[in-house]
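For reference, the structure is listed below as structure tokens.
The values are calculated or read from the model by the stated rules, or taken from the named source; none is laboratory data. Please read these numbers as outputs of a predicted model, since none were measured by experiment. Cβ: placed from backbone, ideal geometry, glycine included. Neighbour counts: every protein chain shown. Just the protein is used for accessible areas: all its heavy atoms, side chains included, with ligands, DNA and RNA removed. Shrake-Rupley method; radii C 1.70, N 1.55, O 1.52, S 1.80 Å.
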Amino acid sequence: MCGRFTRYLPWSEIVQLYRLTLDYEINKNTAPAYNIAPTVEVAFVTASDNGNHKLREGCWWL
């Protein structure tokens, strides 16, 4: 098993779900991905220092 996953939500729904507010977060507009494999760059949401959500990017690993 190689640890693949799917991101099926449109970007507009991700922005609403996590209440993203910065311009680069809102305007990213990444298409859904149905076969995200290890070593692929993906966007992910974390908590920032002030408790709000923050968009980051990184490489998906096993």
- Query: Rounded to a whole number, what % of the accessible area of the chain do carbon and sulfur atoms account for, probe 1.4 Å?
  - Reply: 54
- Residue-ordered couplings for region 17-22, obtained by feeding phi - 60° into the Karplus form 6.51 cos²θ - 1.76 cosθ + 1.60 and rounding to whole Hz (Gly and Pro as x), are 4, 9, 6, 6, 10, 6
- Between the residues Tyr34, Asn52, Ile14, the Cα farthest towards the positive end of the dipole of the chain, that dipole coming from +1 and -1 charges on the beta-carbon of Lys, Arg, Asp and Glu, is from Tyr34
- Query: If you project the alpha carbons of the chain onto the principal axes, what extent comes out on each, in Å, largest first?
  - Reply: 36, 24, 16
- Query: Averaged per residue, what accessible area in Å² does region 5-59 show with a 1.4 Å probe, protein chains only?
  - Reply: 72
